1. Any residue at all in the stretch 191-201 that's away from ligand 2 (no atom under 16 Å from the Cβ), hydrophobic (A, V, I, L, M, F, W, C), in contact (Cβ under 8 Å) with a residue 12 or more places away in the chain and assigned to a helix (DSSP H, G or I)?
2. I'm told GLY142 meets every condition in (1) of a type in the set (Gly, Ala, Ser); (2) surrounded by fewer than 19 Cβ atoms within 10 Å (Cβ to Cβ); (3) under 12 Å from the mean Cα position of the chain (by Cα) except one. Can you identify the failing condition by its number?
3. Looking only at the stretch 6-42, filter to residues that are within 17 Å of ALA269 (Cα to Cα) and of a type in the set (S, T, N, Q); which one of those is nearest to ligand 2 (Cβ to nearest atom)?
4. For residues that are touching an Asp or Glu at 6+ places or on another chain (Cβ under 8 Å), within 16 Å of ILE223 (Cα to Cα) and not in a helix (DSSP H, G or I), tally how many sit in the stretch 237-283.
5. On the given criteria, is PHE80 of a type in the set (Phe, Trp, Tyr) and either in contact with a strand residue (DSSP E or B) (Cβ under 7 Å, 6 or more places away or on another chain) or free of Cβ contacts under 8 Å to residues at least 12 places away in the same chain (or both)?
6. Among (1) touching a strand residue (DSSP E or B) at 6+ places or on another chain (Cβ under 7 Å); (2) surrounded by fewer than 19 Cβ atoms within 10 Å (Cβ to Cβ); (3) in a helix (DSSP H, G or I), where does ILE180 come up short?
7. What is the number of the single condition among (1) within 23 Å of the chain's Cα centre (by Cα); (2) aliphatic (A, V, I, L, M); (3) more than 16 Å from ligand 2 (Cβ to nearest atom) that ALA62 does not meet?
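The values are calculated or read from the model by the stated rules, or taken from the named source; none is laboratory data. Remember, it's a predicted structure, so these values are computed and weren't measured experimentally. All Cβ positions, even for glycine, are placed from backbone atoms using ideal geometry, and neighbour counts span all protein chains on display.
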Amino acid sequence: MAKEIRQIGVLTSGGDSPGMNAAIRAVAREAMHNKCKVIGIQRGYKGLLNEEFKEMKSVDVAGIIQMGGTILGTARCPEFKEEEVQQKAADICRKHGIDGIVVIGGDGSYRGAQALSRHGVNTIGLPGTIDLDITCTDYTIGFDTAVNTAMEAIDKVKDTSSSHERCSIIEVMGRHAGYIALWCGIANGAEDILIPEKYDYDEQKIVDHIIINRRLGKKHHLIINAEGIGHSTSMARRIEAATGIETRATILGYMQRGGSPTCKDRYYASIMGAYAADILVQGKTNRVVCYRNGQFVDLDIEEALAMTKNISEYEYQISQHL
Ligand code: ADP
Ligand code: F6P
């Protein structure tokens, strides 16, 4: 028989992302609706090991849905990969009467959740990252806000780039994945979109493209470069030398991770947070909540981590035509 869940914890882990607060609020309120006590665990797995716990009442999550970042704080905790540390964390949960935990983070954080589940603490993962690089889900909490923030910033750089008839290379985040670059590249009307999944490192093609566009009378040439390719500043220097056209690099950086979440991120994070609390209370463990083919579903963590996903070939091809 599944163990009775009377008290749950919630933590955020890995890089923060806009919408995490909406998810925390939904986990807490739905758990309370299910007559569960809720413990906010500060600073991810680090805080769990340091017993940084605080009971959360409904009022403690009031007024946070519109806030960027995470009210619980987040941290990386490399030692959580060690078996004894995982055992210690599970013992701490038992000592405090924490029957289950919702972990909001990326796939690294899911592995931590999986370990806790193995040691007898029920866990549910929620996909929190701006990178959209979690393979089991079509949506991750924070991606929508991040691409909107980046898109607005890129529009601004494009204005000045056109006025000065310059070429601009704008580097966006995404770790090893090109989703942010592809979305912004299409949404900002970039002339070139460089993503790690497709880039062939043939800079001459970019140089030729810039020269052709200039001959056609285009006043700007916008290149969106993904962080996974990087080196935007040196690329700008080489392109300027090869084309004779002033070229500037802008690295957008951490601004993409902050700010008030969009409606989509607030809505999806709320539904996913409530879903996580519901299945945790039902006694499920070692699951992640995903959005797949237009539906919110839960999957076994093992199965979720084994999945693969790729940038759509069709969408990438279209980005090259536009
Ligand atoms: P993300 O969750 O965004 O992918 P990380 O990969 O940095 O970010 O992982 C966040 C945290 O999850 C790590 O600092 C660590 O505490 C935990 N973690 C990552 N990988 C593992 C693993 N293999 N086993 C247990 N815990 C892990
Ligand atoms: O995963 C989110 C992200 O912002 C990535 O896009 C980026 O590569 C990474 O985190 C940066 O991490 P850190 O905060 O450790 O510098």
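1. Keep residues of the stretch 191-201 that are away from ligand 2 (no atom under 16 Å from the Cβ), which gives 191-193, 198-201.
Subsequent filtering for residues that are hydrophobic (A, V, I, L, M, F, W, C) retains 193.
This time we only want the ones that are in contact (Cβ under 8 Å) with a residue 12 or more places away in the chain, so: 193.
Narrowing the set further to residues that are assigned to a helix (DSSP H, G or I) leaves none.
No, the stretch 191-201 contains no residue that is away from ligand 2 (no atom under 16 Å from the Cβ), hydrophobic (A, V, I, L, M, F, W, C), in contact (Cβ under 8 Å) with a residue 12 or more places away in the chain and assigned to a helix (DSSP H, G or I).
2. So the condition that GLY142 fails would be (2).
3. SER17
4. Residues flagged as touching an Asp or Glu at 6+ places or on another chain (Cβ under 8 Å), within 16 Å of ILE223 (Cα to Cα) and not in a helix (DSSP H, G or I) within the stretch 237-283 amount to 7.
5. Details: of a type in the set (Phe, Trp, Tyr): yes; either in contact with a strand residue (DSSP E or B) (Cβ under 7 Å, 6 or more places away or on another chain) or free of Cβ contacts under 8 Å to residues at least 12 places away in the same chain (or both): no.
Judged against the criteria, PHE80 is not a match.
6. Only one criterion in (1) touching a strand residue (DSSP E or B) at 6+ places or on another chain (Cβ under 7 Å); (2) surrounded by fewer than 19 Cβ atoms within 10 Å (Cβ to Cβ); (3) in a helix (DSSP H, G or I) is unmet by ILE180, namely (2).
7. (1)
Residue-by-condition table, conditions (1) touching a Lys or Arg at 6+ places or on another chain (Cβ under 7 Å); (2) within 16 Å of ligand 2 (Cβ to nearest atom); (3) aromatic (Phe, Trp, Tyr); (4) farther than 17 Å from LEU194 by Cα:
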| site | (1), (2), (3), (4) |
| --- | --- |
| ILE223 | no, no, no, no |
| GLN256 | no, yes, no, yes |
| GLY259 | no, yes, no, yes |
| LYS264 | no, no, no, yes |
